[in-house]
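Participant: Got a structure for you, questions after.
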Amino acid sequence: DCSYCSQRLGSKAGILKYTWLKPEEASKAAAAGVAGGAKRVCLVASGRGPTDRDVDRVTKTIEAIKEENEGIEVCACLGLLSDGQADRLRSAGADAYNHNL
């Protein structure tokens, strides 16, 4: 619960809330990054950790990004994972995983 973070528990920051991007939207955004020289994109969500439904969404997004952007690395930062979730992300093509402790 970092005091500087607008995503922290109890934050009063006036930040916008977003829903999940559709896989094709994320892939298009990744393509724009690649066109600008990016070698890696990171899929990030706030919260303690993803549900299995969230992981389903992210795996589809990873697959879409990899399919449309040859050679791009994809990392994810979704919080603490439950049993099997890391394997699912890796199977979808995730190259790295990060979480903030």
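The values are calculated or read from the model by the stated rules, or taken from the named source; none is laboratory data. As the structure is a computational prediction, the values presented were derived from the model and not from experiment. When we count neighbours, we look across all protein chains shown, and the Cβ atoms used for this are built from the backbone with ideal geometry, even at glycine.
Participant: Among the residues of region 53-70, are any of a type in the set (Ser, Thr, Tyr) and within 17 Å of TYR18 (Cβ to Cβ)?
Facilitator: yes
Participant: While we're here: What residue, of LEU21, LEU16, LEU43, is touching a residue at least 12 places away in the same chain (Cβ under 8 Å) and part of a loop (DSSP other than H, G, I, E, B)?
Facilitator: After applying the criteria, what remains is LEU21.
Participant: So SER27 passes all but one of these: (1) among the hydroxyl-bearing types (Ser, Thr, Tyr); (2) under 17 Å from HIS99 (Cβ atoms); (3) in contact (Cβ under 8 Å) with a residue 40 or more places away in the chain. Which condition number does it fail?
Facilitator: (2)
Participant: Could you check region 90-101 and list, in sequence order, the residues that are part of a helix (DSSP H, G or I) and either buried (at least 16 other Cβ atoms within 10 Å of the Cβ) or in contact with a strand residue (DSSP E or B) (Cβ under 6 Å, 6 or more places away or on another chain) (or both)?
Facilitator: Within region 90-101, just ALA92 meets the criteria.
Participant: What about ASP87, is it surrounded by 14 or more Cβ atoms within 10 Å (Cβ to Cβ), at pLDDT 95 or above, among the acidic types (Asp, Glu) and not in a loop (DSSP other than H, G, I, E, B)? Working first, answer last.
Facilitator: Working: surrounded by 14 or more Cβ atoms within 10 Å (Cβ to Cβ): no; at pLDDT 95 or above: yes; among the acidic types (Asp, Glu): yes; not in a loop (DSSP other than H, G, I, E, B): yes.
Against the criterion (surrounded by 14 or more Cβ atoms within 10 Å (Cβ to Cβ), at pLDDT 95 or above, among the acidic types (Asp, Glu) and not in a loop (DSSP other than H, G, I, E, B)), ASP87 does not qualify.
Participant: Any residue that is hydroxyl-bearing (Ser, Thr, Tyr) and at pLDDT below 95 - is there at least one of those in region 25-46?
Facilitator: Yes: region 25-46 contains one or more residues that are hydroxyl-bearing (Ser, Thr, Tyr) and at pLDDT below 95.
Participant: Pick from GLY33, GLY47, GLY14: which is loosely packed, with under 13 Cβ neighbours inside 10 Å and farther than 15 Å from GLY79 by Cα? Spell out how you get there, then give the answer.
Facilitator: On the way: GLY33 fails: loosely packed, with under 13 Cβ neighbours inside 10 Å; GLY47 fails: farther than 15 Å from GLY79 by Cα.
None of the others qualify; the one that does is GLY14.
Participant: Also, I was wondering about something else. Quick one: ALA26 ticks every box in (1) over 12 Å from the mean Cα position of the chain (by Cα); (2) part of a helix (DSSP H, G or I) except a single one, so which number is it?
Facilitator: With (1) over 12 Å from the mean Cα position of the chain (by Cα); (2) part of a helix (DSSP H, G or I) applied to ALA26, the lone miss is (1).
Participant: Continuing with this model, one more query. LEU81 is checked against (1) assigned to a loop (DSSP other than H, G, I, E, B); (2) loosely packed, with under 14 Cβ neighbours inside 10 Å; (3) out of contact with any Leu (no Cβ under 7 Å at 6 or more places or on another chain) and fails just one. What number does that condition carry?
Facilitator: That leaves (2) as the condition not met.
Participant: Within region 49-78, which residues are under 10 Å from the mean Cα position of the chain (by Cα) and assigned to a loop (DSSP other than H, G, I, E, B)?
Facilitator: Passing the criteria: only LEU78.
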